[in-house]
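If you scroll down you'll find the structure; I have some questions about it.
The values are calculated or read from the model by the stated rules, or taken from the named source; none is laboratory data. Quick caveat, the model's predicted, so the values are computed rather than measured. Every residue, glycine among them, receives a Cβ derived from its backbone with ideal geometry; neighbour counts consider all protein chains shown. In case anyone asks, the SASA skips ligands and DNA or RNA and just uses the protein heavy atoms, side chains included. Shrake-Rupley method; radii C 1.70, N 1.55, O 1.52, S 1.80 Å.
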Amino acid sequence: MRFITAFQRQPRAWIFAEAAALLLPIGFYDYSTGYEVSLTIIYCIPIFLAAWCCDKKSGLLIALMAGITWWWADVQAGHPYLRSWMEAWEVFVCCGFFIITAIGTAAVKEQRDASASRIALLEYSQRLEREIIGISEREQERIGQDLHDGICQYLAALSCSAASLKSDLEGHDLVAEARVADELARFLRDAVVQTRNLARGLVPVQMDEAGLASALEELTASATRLLGIRCVYESAGAPLIRDNAVAMHLYRIAQEAINNATKHGGATNVLVSFIADGKATTLRIADDGAGISKTAAGSDGMGLGLMHYRARLIGGELSIEEPHAGGTVVSCGIPLRGEEWRQYAA
């Protein structure tokens with residue numbers, strides 16, 4: 001195949017000329033060996049080169065030239081035919097074989113090119129999807145940092161000012177006004193907490209080994225506080241996720257699973273587990289909701305599809321099950337790489 005690849009880099013006119021020129025030594029050798037030895041298969045070499053490296057028309061033209069060359073060598077070698085129609089039949093069969101060789105080679109090449117184009121398109125589509133998700137994550141990270149470093153600090157400063165105003169008003173015996181200032185300060189503190197939670201949701205995982213575990217713990221605590229459910233986090237073993245992109249995708253899977261459990265499944269209890277057993281790291285989200293089969297019809301399906309895509313993107317496998325006891329169990333397992341396995345074993 002390396003020879004074919006190198007040969008194919010030449011201009012098509014040169015390839016056609018070389019394939020046609022190759023017929024001359026083949027025909028001379030065919031004449032030299034006599035009509036008793038059939039060299040029909042050797043004529044397929046220039047036909048294959050022309051059909052594969054040029055196009056079908058070039059292959060058919062070389063096939064016709066090969067048929068003429070074969071007939072000339074056969075006649076010059078003194079092949080005796082008892083009937084004239086037998087000679088015509090031999091020429092017809094030989095030329096037909098050459099033409100079929102050219103057509104078959106061109107068809108195989110077209111199919112190979114079509115398969116290569118589909119694979120290239122699929123790889124491009126996957127790269128584009130990864131870039132889109134990466135851009136989305138980076139933009140969310142930027143917005144989260146802006147919220148944390150900008151609005152949170154501004155609201156905190158306003159809260160301090162409101163608290164200071166309350167003290168000043170109390171010093172002047174303005175009780176009603178001080179009460180309003182105190183309420184304003186409380187609202188501002190609540191706004192700081194909500195903005196901080198929003199920022200943490202946008203930038204959940206830090207660049208350290210315990211980042212994902214702590215982010216999942218904060219996620220379950222936020223779900224318990226904001227959604228009014230019992231959401232618990234637990235870990236077993238020593239889960240190691242050093243790649244921040246992998247950690248981010250796992251966090252988003254957990255986030256989407258909790259959202260589906262509460263929004264569509266009506267779950268009141270959710271258990272998020274992060275487990276390492278020496279061979280793989282597994283994220284598991286179990287709930288006591290209505291079950292995926294009963295809630296899939298009421299959802300748009302994009303969340304489930306995105307969870308599957310995120311799992312494939314990080315080399316994991318996502319499974320969704322419905323236990324007999326009810327609810328839904330979402331699991332995403334990622335095999336440990338060699339370095340991570342050695343660290344786990346140590």
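Tally Lys/Arg at +1 and Asp/Glu at -1 over every other residue whose Cβ is under 12 Å from the Cβ of residue 43; what's the total?
Working: positive: none; negative: 30, 74.
Net of charged neighbours comes to -2.
With every protein chain kept in place and ligands, DNA and RNA left out, what is the accessible area per residue of the chain? Probe 1.4 Å, answer in Å².
59
Rg/Rh for the chain to two decimals, with Rh computed the Kirkwood way over all alpha-carbon pairs.
For the chain, the value is 1.36.
Work out from phi, with θ = phi - 60° and the Karplus expression 6.51 cos²θ - 1.76 cosθ + 1.60, the ³J(HN,Hα) of each residue of region 20-31, listed in order in whole Hz, and give x for Gly and Pro.
In residue order, the calculated couplings are 5, 5, 5, 5, 5, x, 5, x, 5, 5, 5, 5 Hz.
Report the longest stretch of the chain that contains none of the trypsin sites (Lys or Arg not before Pro) sitting in a DSSP loop with at most 15 other Cβ atoms within 10 Å.
Between the exposed loop sites, the longest stretch runs 84-241.
May I pose another question? What does the charge count around residue 310 come to, taking other residues whose C-beta lies under 12 Å from its C-beta (Lys +1, Arg +1, Asp -1, Glu -1)? Display every interim value, and only then the final one.
On the way: positive: 130, 252, 312; negative: 129, 137, 256, 317.
Taking every other residue near residue 310 into account, the sum is -1.
Please give the charge dipole size of region 1-73, origin at the Cα centre, charges +1 on K and R Cβ atoms and -1 on D and E Cβ atoms. Round to the nearest 20 debye.
About 380 debye.
Just the number, please: carbon plus sulfur as a percent of the accessible area of the chain, 1.4 Å probe, no ligands or DNA/RNA counted.
In the chain, the share of accessible area belonging to carbon and sulfur is 60 percent.
Ok, one more. Along Cα→Cβ, 7 Å out, is where each label goes; now give me the distance between the ones at residue 41 and residue 90 in nm to one decimal.
Simple spin-label model gives 2.0 nm for this pair.
Among residues other than residue 320 whose Cβ falls under 12 Å from its Cβ, what is the net charge (Lys/Arg +1, Asp/Glu -1)?
So the surrounding residues net to -4.
Between helix 302-313 and the chain, what is the angle of the helix's C-alpha long axis to the longest principal axis, kept within 0 to 90° and rounded to the nearest 10?
60
Relative to the longest principal Cα axis of the chain, at what angle does helix 175-202 sit, 0 to 90 degrees, rounded to 10?
Its long axis makes an angle of about 20 degrees.
Which of rounded, prolate or oblate describes region 45-111 when judged by the alpha-carbon gyration tensor and an a/c cut-off of 1.5?
It comes out prolate by the Cα gyration axes.
Can you give me the angle between helix 211-227 and the longest principal axis of the chain, using Cα atoms only, in degrees from 0 to 90, rounded to the nearest 10?
Between the helix axis and the principal axis of the chain, the angle is about 60 degrees.
With each run of n ≥ 4 DSSP H residues scored as -39500 (n - 2.57), what mean residue ellipticity at 222 nm is computed for the chain after dividing by its residue count and rounding to the nearest 500 deg cm²/dmol?
So the calculated ellipticity at 222 nm is -23000 deg cm²/dmol.
Straight distance only, please: which lysines reach the Cα of residue 109 with their own Cα at less than 28 Å, same-chain residues fewer than 8 apart left out?
Excluding near neighbours in sequence, the set is 56, 57.
For region 25-63 and region 210-238, what is the separation of their C-alpha centers, rounded to whole Å?
Cα centroid of region 25-63 versus Cα centroid of region 210-238: 72 Å apart.
In terms of modelled amide H atoms, which long-range or inter-chain residues lie less than 5 Å from the amide H of residue 336?
It is 280, 281, by chain and number.
Hey, if we sort 35, 154, 233 by accessible area with the 1.4 Å probe, largest down, what's the order?
Values: 35 85, 154 150, 233 40 Å².
My answer, sorted largest first, is 154, 35, 233.
Under the Karplus relation 6.51 cos²θ - 1.76 cosθ + 1.60, θ = phi - 60°, what is the ordered set of whole-Hz ³J(HN,Hα) values for region 322-335, x standing for Gly and Pro?
10, x, 5, 6, x, x, 9, 10, 10, 10, 9, x, 10, x
Report for the chain the percent antiparallel among DSSP-assigned beta bridges with both residues inside it, nearest 5.
Expressed as a percentage, antiparallel bridges in the chain total about 75.
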